[in-house]
């Protein structure tokens, strides 16, 4: 078992340490398998990470060495890593991931895969379920290529499956879906997205409700008949 003296001797190859501590179980005194080393010089700490990360300390174990972080820093780093992985995954499956709804409650993951197998290589296939495990009637199927997904949409959208017409479309990220809905609203109404019919176009302008027009009272305007 590696001791604090062993670590001190090893890590002082790159600079002088001010403390070396291996975390141990309070009851048994056995090592928890991790610890902390402080250097007097920050540059020495950086060299230690570069030199000793992955260093073999036995035939079975390699060291994992990184800069110690506060909890908030570690959480922020993990969150950024998760967001990046999610973005890369979304880009990888862009145009190849399908959203389905109006599924029969009896359709499970295996049956869903069987329905779409003929169109290409399925990377993932999942029925969405509520906390109790009941089907929400929707799901996702990801193919290995956009061409396979497009073929599946063409063949399966509107197809009757267990007595219900299936809805199949390319899955969209929340941002893409919101942008599409805003564009549709603007095209349909001629108004900027977020502006509802009847809302004033400028401060103090009239509000229209049906066939009635309401002008807000102006400063100095009597609120009752003179």
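Check whether at least one residue in the range 110-120 is at pLDDT below 95 and part of a strand (DSSP E or B), and report yes or no.
Taking every residue of the range 110-120 in turn, none turns out to be at pLDDT below 95 and part of a strand (DSSP E or B).
Taking residue 51 and the conditions (1) free of Cβ contacts under 8 Å to residues at least 12 places away in the same chain; (2) farther than 30 Å from residue 164 by Cα, which numbered condition does it fall short on, given that it satisfies the others?
Going through (1) free of Cβ contacts under 8 Å to residues at least 12 places away in the same chain; (2) farther than 30 Å from residue 164 by Cα one by one, residue 51 breaks only (1).
Just give me the residues in the range 35-60 being surrounded by 10 or more Cβ atoms within 10 Å (Cβ to Cβ) and not in a helix (DSSP H, G or I), in sequence order.
Of everything in the range 35-60, those that are surrounded by 10 or more Cβ atoms within 10 Å (Cβ to Cβ) and not in a helix (DSSP H, G or I) turn out to be 35, 36, 37, 38, 39, 40, 41, 53, 55, 57.
Could you list, in sequence order, the residues of the range 95-119 that are over 20 Å from residue 172 (Cα atoms) and surrounded by fewer than 17 Cβ atoms within 10 Å (Cβ to Cβ)?
Result: 104, 105, 106, 108, 109, 110, 111, 113, 114, 117, 118.
I'm trying to understand the selection: among the residues of the range 125-154, which are under 16 Å from residue 104 (Cα atoms) and in a loop (DSSP other than H, G, I, E, B)?
Residues of the range 125-154 that are under 16 Å from residue 104 (Cα atoms), as a first pass: 125-130, 133-141.
The answer is 130, 133, 134.
Taking the condition without any contact (Cβ under 8 Å) to a residue 60 or more places away in the chain, out of contact with any strand residue (DSSP E or B) (no Cβ under 7 Å at 6 or more places or on another chain) and assigned by TED's automatic domain parsing to the domain that holds residue 166, does residue 111 pass?
On the way: without any contact (Cβ under 8 Å) to a residue 60 or more places away in the chain: yes; out of contact with any strand residue (DSSP E or B) (no Cβ under 7 Å at 6 or more places or on another chain): yes; assigned by TED's automatic domain parsing to the domain that holds residue 166: yes.
So residue 111 fits the description; yes.
Within the range 58-69, is there a residue that is closer than 30 Å to residue 128 by Cβ and touching a residue at least 12 places away in the same chain (Cβ under 8 Å)?
So the first thing to find is which residues in the range 58-69 are closer than 30 Å to residue 128 by Cβ, and the list is none.
There is no residue in the range 58-69 that is closer than 30 Å to residue 128 by Cβ and touching a residue at least 12 places away in the same chain (Cβ under 8 Å).
The values are calculated or read from the model by the stated rules, or taken from the named source; none is laboratory data. Note that the coordinates shown come from a computational prediction; the quantities given were computed from them, not determined experimentally. Ideal geometry is used to build each Cβ from the backbone, glycine not excepted, and the neighbour counts take in all protein chains shown.
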